[in-house]
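Shown next, in structure tokens, is the structure this report addresses.
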Amino acid sequence: MQEFIEKYAFGVCTKIGEKLKIPTSSIRMFFIYSSFLTFGSPILLYLALAFVMNFRKHLRRRDNSLWYY
């Protein structure tokens, strides 16, 4: 079940957990509780982080030879 969630939830919590050496479940619980307490504003942060991660992944996959023409 966790692989399914990470595949479709952008992997933001996993990446943060790896960088900060914090369990992924703790980060997920933080996002859930803070979303309830602040009426969903951490969801915007989560989506922004997902966008940045996806953009960086796209830039790494891109063929850099196009820039030399």
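Where a number appears in this text, it was derived from the coordinates with a stated rule and is not lab data. What you see is a predicted model; the values in this text were computed from it and never measured. Glycine also receives a Cβ, built like all others from the backbone with ideal geometry; neighbour counts cover every protein chain displayed.
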What is the distance, in nm, between label points placed 7 Å from the Cα along the Cα-to-Cβ direction at Met53 and at Lys19?
1.0 nm
Using 7 Å Cα-to-Cβ label points, what is the Arg61/Tyr33 separation (nm, one decimal)?
3.6 nm
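Ranked highest first by average number of other Cβ atoms within 10 Å, how do 11-22, 31-42 line up?
Numbers: 11-22: 15.1, 31-42: 12.2.
So the order, starting with the most tightly packed, is 11-22, 31-42.
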Give me a comma-separated list of calculated 3J(HN,Hα) values for the stretch 48-57, in order, Karplus coefficients 6.51, -1.76, 1.60 applied at θ = phi - 60°, integers in Hz, x for any Gly or Pro.
5, 5, 5, 5, 4, 5, 5, 5, 5, 5
